[in-house]
Protein chains: 2
Amino acid sequence: MKKNLLFSLFVCSFSLSALAQEVVDAAAVNKIREEGLNRSQVMKTAFYLTDVAGPRLSGSPGLRKAQDWALNELKKYGLTNGKLEPWGKFGKGWQVNKNYAAITVPYYHAIIAIPKAWTSSTKGAIKGDVTLLKIDTVTDLQKYKGQLAGKIVIIDNNAPALVRSKNPDLSRYTDEELAKMAAATSQPAGGRAAQRGGGNPQMAAFMAARLKAAAMRTAISQFFQQENVALILSQGRGTDGTVFTSNGASYADTAKAALPELETSGEDFLRIVRLLRAGQKVSMEADIQTQFFNDDLKGYNVIAEIPGTDKKLKEQVVMLGGHFDSWHAGTGATDNAAGSAVMMEAVRILKAIGFKPKRTIRIALWSSEEQGLFGSRGYVAEHFGKRDSLKAEQGKVSAYYNLDNGTGKIRGIYLQGNAGVGPVFNSWLEPFKDLGATTVTISNTGGTDHQSFDAVNIPGFQFIQDGMDYNTRTHHSNQDTYDRLVEDDLKQAATIVASFVYHTAQRAQMLPRKEAIKPAN
Amino acid sequence: MKKNLLFSLFVCSFSLSALAQEVVDAAAVNKIREEGLNRSQVMKTAFYLTDVAGPRLSGSPGLRKAQDWALNELKKYGLTNGKLEPWGKFGKGWQVNKNYAAITVPYYHAIIAIPKAWTSSTKGAIKGDVTLLKIDTVTDLQKYKGQLAGKIVIIDNNAPALVRSKNPDLSRYTDEELAKMAAATSQPAGGRAAQRGGGNPQMAAFMAARLKAAAMRTAISQFFQQENVALILSQGRGTDGTVFTSNGASYADTAKAALPELETSGEDFLRIVRLLRAGQKVSMEADIQTQFFNDDLKGYNVIAEIPGTDKKLKEQVVMLGGHFDSWHAGTGATDNAAGSAVMMEAVRILKAIGFKPKRTIRIALWSSEEQGLFGSRGYVAEHFGKRDSLKAEQGKVSAYYNLDNGTGKIRGIYLQGNAGVGPVFNSWLEPFKDLGATTVTISNTGGTDHQSFDAVNIPGFQFIQDGMDYNTRTHHSNQDTYDRLVEDDLKQAATIVASFVYHTAQRAQMLPRKEAIKPAN
């Protein structure tokens, strides 16, 4: 009952505020649109972050190269207080220096496969037979004792035939889907925070199963090391040459080296498995060389500012950002050079139109988001404290805007349950309805860096973005490259973000916070 | 007017014959369905032709291995007169023994790329810078004189951004599309024969442009050889890791060696091109080893029979087949292990049900279809003559059935303008309507081996097949692998082909020929 009442109040507040609309600076919006849509540099920025820098895995030289470039670029735009700010200890850097694997028997065929992040090198160029292992329990390992030295192994995962999608790779939100989001009154739990939650029995069983699987993996891994296995092949998600990747070992500086492991395209993996199941001999050759970097175990965020000019308000801050690190198989174009380039472009636009903000504008390009939002969490802890021990600066951040859902244009924004901001954002979206940005939803979205701010009750928002081929092709895959970036979408996003940041910087008050509207218990 | 009258007569003949239906042997159909749908071996056959044999490029050891296996398998089914029958001179065999290429500057990234068929090896493992060339005319070559030794070259093709499809990869015929095909009265020109035709000015211009482009390619190729270019990269059609391939040099035994050339995935190609256009240095390493085979320049078809048992009719023949050769980047699963496995399965079904045909049934698995229907043309010329000098055997072939349009199930059959067969096929399809095979169209389809028969007025037919992902993913691509084969579709196809062959073998008369119903001039 109380819950229902609460939601009714939310809806009511929305309707009233629609009448008393937030002031929108039409002249500023026009300048921002002109600069963002007609003189965009977002694709140039994206090109440097992807094609030129390469993969930007946490701790890797590629990430550092891109950070240095971005910092310099932000300075060129005219931002100040630019720095690479350490957020804490991350661990080892890692990169691929050689990646070659092929079957040689029953015939030659070079396979599409990606070394799992933080796995080791093969012992030079190797040749060996492929062995298919049936391992359902730890005791199954014993039957392979003494037999696996120099072998390339596959654990038979009972994989069925490849399932190929009947849907198009690319998708955008339909009007119906957006209307449903706008009409939502509940806040469906989203993202990582929700996945971690205990409490319900299903989740407990899920977590137990995960722990058991992890223990199994550890036992298998140790056994393979003892047995001197040469290389592990596992099946990467994806079809048609697209391979989704992840890490296969710990990045901790104290972690022991893990065996080389290739996440193999579904087609190549299943071909080998089918041959082995049919009793055919399969031999391979491979040369996987990876490199670890231990010289600097710290993680860094790129930070820069457009300082505030209002005597009273310049101590207050509007933040915008996105994570800058990526996975290693592609160049992290949609995850998240797109969001990073858009945020850089947004501050470029604001500088280009000669904006002197009342509040200070601060851009942050996070690292190690992919390992657990580490960069933004570290930054927030350092500057704003923790939920039970907040620092004074926590009270001075009006909002944090995040972009990390691929290349799709902005269709609106998630309120993360902060109903008080709804009318404000509805007004600010008004001048961008012609560009497809229409929808304010009370809902949460998860899985990225605005959660680090939301966790300490700083209004933190992720925009609603068209999905495009994020889930079907690019998200953590070898196909996450510049080619997936949609120029018009990135221009639109940068323009809208710039306008949101502009209005947040100039608004009479800071944005309302969730606590302020919470009914008393 | 005459033309229109002719087509009206066709339609009329269809309608009348629907009343006087061809006899269908329901008991035989039941046995064929039972064997084909419930005891199928088509996937096992397809597995051997693809995963086990590997690529089956014309003249390659892979093709020979698959031919030997198929011949042995057909003998095991109980077929007789099995042989590898030479159809004439083909040329050199060729296969890939090593395929590795990666960019190493500005960072390491292994690329997805396929050696063009019949191109040469690199001089061992090479390293070099990539050079982007602007060559619009032959004279443009001179500006690069003396500069290309040891370089990896790309001709700037002014490629725009990758165009990615908004449609699903997989498609099947809709009821509307099939109805339109069934209602067709004209025979739209299809396939290669049509493409070759001269006569109209547009086509003449097209052919002239092609000749000019070919001359340009030859000049460029000679220049690159003189300049000692190390490796050529060209852009392969396709996205997401899918690369469509073809040949890059002649298979003629007299042809000179062509430089190594990699058909590069769109994403990898464009990444390199964007970097070079932006003035960034790109270096690569590569090791491409290909092998030529000159020991036997002849081409072969696999031939086997179920001999006829009727004293009068056994001299007459029903033929079925498909091409057995493939391109080299995948394992030619949909092009055309699918059709080959279905045809092998069709004769297996007929043997398994103990069928003793009146007419002789002959299966033919052609080679060198991909280079110009050579296997079937050679066979037809040898056994049945040429259009202006037919042999007596030409009069004894009732029909030739072909399958070569991928993995999609049979939805009907093309009459190739042979209207007299329409009522017969309509009746024969009747027991398979529940399996989606419904449509008889007067239309032509081209591009495969039934044309060799049609060319000498032997009724030659290709079935209508669902497109699936033939055009979007598999046709001549590195993704043409076993995973694309749809088991239910291949079972259905084999069952229907077996029934067509059964009824053709038992029919009182041979099938009507086109000449017989041509109105006198």
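Exactly one residue among B:ASN97, B:ASN167 is open to solvent by 30 Å² or more (accessible area, probe 1.4 Å), modelled with pLDDT of 95 or more and either over 29 Å from A:GLY54 (Cβ atoms) or β-branched (Val, Ile, Thr) (or both), and that residue is B:ASN97.
A Cβ distance below 7 Å, combined with a sequence gap of six or more or placement on separate chains, defines the contacts here; from region B:153-168, residues that are in a strand (DSSP E or B) reach residues that are open to solvent by less than 100 Å² (accessible area, probe 1.4 Å) and of a type in the set (S, T, N, Q) in the pairs B:VAL153/B:THR131. Checking each residue in region A:35-82 for being in contact with a Gly (Cβ under 6 Å, 6 or more places away or on another chain) and in a loop (DSSP other than H, G, I, E, B) picks out A:ALA53, A:GLY54, A:PRO55, A:ARG56, A:GLY59, A:SER60.
Let me spell it out: the conditions are (1) surrounded by fewer than 18 Cβ atoms within 10 Å (Cβ to Cβ); (2) closer than 30 Å to A:LEU170 by Cα, and A:GLY406 meets all of them except one. Which number is the exception? If we test A:GLY406 against (1) surrounded by fewer than 18 Cβ atoms within 10 Å (Cβ to Cβ); (2) closer than 30 Å to A:LEU170 by Cα, just (1) comes out false. Considering (1) free of Cβ contacts under 8 Å to residues at least 24 places away in the same chain; (2) open to solvent by 50 Å² or more (accessible area, probe 1.4 Å); (3) within 14 Å of another protein chain (Cβ to nearest Cβ), the lone condition that B:ASN38 does not fulfil carries the number (3).
When we screen A:ASP136, A:ASP175 for residues that are at pLDDT 95 or above and open to solvent by 70 Å² or more (accessible area, probe 1.4 Å), the only hit is A:ASP175.
Does A:ASP480 satisfy the condition of being within 12 Å of another protein chain (Cβ to nearest Cβ), surrounded by fewer than 24 Cβ atoms within 10 Å (Cβ to Cβ) and either more than 30 Å from A:GLY395 (Cβ to Cβ) or of a type outside the set (Lys, Arg) (or both)? Judged against the criteria, A:ASP480 is not a match.
Screening A:GLY412, A:GLY422 for residues that are in contact (Cβ under 8 Å) with a residue 60 or more places away in the chain, assigned to a helix (DSSP H, G or I) and touching a Leu at 6+ places or on another chain (Cβ under 7 Å) leaves exactly one candidate, A:GLY422.
Of all residues in region B:221-236, those satisfying the criterion of being under 14 Å from B:LYS116 (Cβ atoms) and either assigned to a helix (DSSP H, G or I) or outside the structural domain of B:TYR144 (by TED's automatic domain parsing) (or both) are B:SER221, B:PHE224.
The set of residues from region B:92-102 being of a type in the set (A, V, I, L, M, F, W, C) and within 9 Å of chain A (Cβ to nearest Cβ) comprises B:VAL96, B:ALA102.
Selection within region B:285-307: residues that are under 20 Å from B:VAL96 (Cα atoms) and more than 11 Å from chain A (Cβ to nearest Cβ). The member of this set that is most open to solvent (accessible area, probe 1.4 Å) is B:ASP295. From A:ALA364, A:ALA392, A:ALA341, A:ALA352, which residue is open to solvent by 20 Å² or more (accessible area, probe 1.4 Å) and either at pLDDT below 95 or farther than 19 Å from A:HIS503 by Cβ (or both)? Selected residue: A:ALA392, the only one of A:ALA364, A:ALA392, A:ALA341, A:ALA352 that is open to solvent by 20 Å² or more (accessible area, probe 1.4 Å) and either at pLDDT below 95 or farther than 19 Å from A:HIS503 by Cβ (or both).
Mind listing whichever residues of region A:198-247 are open to solvent by less than 30 Å² (accessible area, probe 1.4 Å) and either within 14 Å of chain B (Cβ to nearest Cβ) or of a type outside the set (A, V, I, L, M, F, W, C) (or both)? Let's see the steps before the verdict.
Keep residues of region A:198-247 that are open to solvent by less than 30 Å² (accessible area, probe 1.4 Å), which gives A:219-220, A:223-224, A:227, A:229-234, A:236, A:238-245.
Passing the criteria: A:GLU227, A:SER234, A:GLY236, A:GLY238, A:THR239, A:ASP240, A:GLY241, A:THR242, A:VAL243, A:PHE244, A:THR245.
Taking the listed residues B:GLY420, B:GLY447, the one that is open to solvent by 10 Å² or more (accessible area, probe 1.4 Å), in the same structural domain as B:LEU390 (by TED's automatic domain parsing) and within 17 Å of B:PHE500 (Cβ to Cβ) is B:GLY420, with no other qualifying.
The values are calculated or read from the model by the stated rules, or taken from the named source; none is laboratory data. Remember, predicted model here, so these are calculated numbers, not experimental data. Cβ sites come from the backbone with ideal geometry, for glycine too, and all protein chains shown count toward neighbours. SASA here: full protein model, heavy atoms, side chains in, ligands and nucleic acids out. Shrake-Rupley method; radii C 1.70, N 1.55, O 1.52, S 1.80 Å.
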